[in-house]
Structures are given as structure tokens and as C-alpha cells.
Amino acid sequence: MKEKEMVKLPYFADPANLVVEEDQPKKIEEGPKGETSLQLLQTVYRDRKQPLNVRVRCAVEALAHEYSRVSAVAVTSMSGQSFAEALERAIARSAGAPILPAPTTPQLDASDLKKPMVRYRRY
């Protein structure tokens, strides 16, 4: 055996490989300068180097800004009346007691209601 033969340490025990990431200065990633948030999202989801889940999230967030939503719009003619007048009339109508229709079923005595309802039985 040779006298000067050195024992090679494994990779995980070599002092050159024991650099802690906290000791190194962190790199701050900067996005494109002077762009809007929509342009930043578009840049990220078009970048094929980004992971798919990041690209999909950016695409979903940008979707609301790129395409308008479909919504229902009511169109009405006030026939010469202002909206405020129509609103005041609606408030006045709701302030009064509601007009209920007359009952169509005959009133039953309390003594009849205490008995079992044979005609509603299912078996």
C-alpha cells in the first residue's frame, strides 16, 4: 500500500459540498419592467420553461381580463317616468299590508283536525 494514499470522503461528507444555501446571497427574480399585471401573467403562461401548474394558474387569472363575461342586462322603458318615481311607488306599495286572495278550501273545525286523517293515509 502506498503511504500517501488519501482516503476520499463520500460526497455528502466532503467539506467543499457542505455549503449552506442560507450563507449564499439570495437571487431576487425580477419580472418584466414597465408591464401591467395582465402582461406579466401572459408572459408567465406563455413561457414553456415554467411548470404547467404555474402556467395554468396564470392563464386562469388572466382569463377575466382577456375576455369579457357574459351577463344579462335588463332593458326597460320608463315611459316618461324617472327611475326615482318608479322606485318611490314600489316602496309605497311594499309598505302597505299585502292583499291576499280568499282561501279556496273550506275551513275545518278544530275537532276534525284532532282525528286521524284517514283519506291521507298511504297504506
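The values are calculated or read from the model by the stated rules, or taken from the named source; none is laboratory data. Computed from a predicted structure; not experimentally measured. We place every Cβ from the backbone using ideal geometry, glycine too, and count neighbours over all the protein chains shown.
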Which numbered condition residue 41 fails, given (1) part of a helix (DSSP H, G or I); (2) exposed (fewer than 10 other Cβ atoms within 10 Å of the Cβ): (2)
Residue that is surrounded by the fewest Cβ atoms within 10 Å (Cβ to Cβ) [pool: residues in segment 77-123 that are at pLDDT below 75 and under 37 Å from the mean Cα position of the chain (by Cα)]: 77
Filter result for residue 56 (without any contact (Cβ under 8 Å) to a residue 12 or more places away in the chain, within 30 Å of residue 33 (Cα to Cα) and β-branched (Val, Ile, Thr)): yes
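Here is a yes/no grid of residues against (1) modelled with pLDDT of 80 or more; (2) aliphatic (A, V, I, L, M); (3) surrounded by 10 or more Cβ atoms within 10 Å (Cβ to Cβ):
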{"site": "5", "(1), (2), (3)": "no, no, no"}
{"site": "27", "(1), (2), (3)": "no, no, no"}
{"site": "45", "(1), (2), (3)": "yes, no, yes"}
{"site": "49", "(1), (2), (3)": "yes, no, no"}
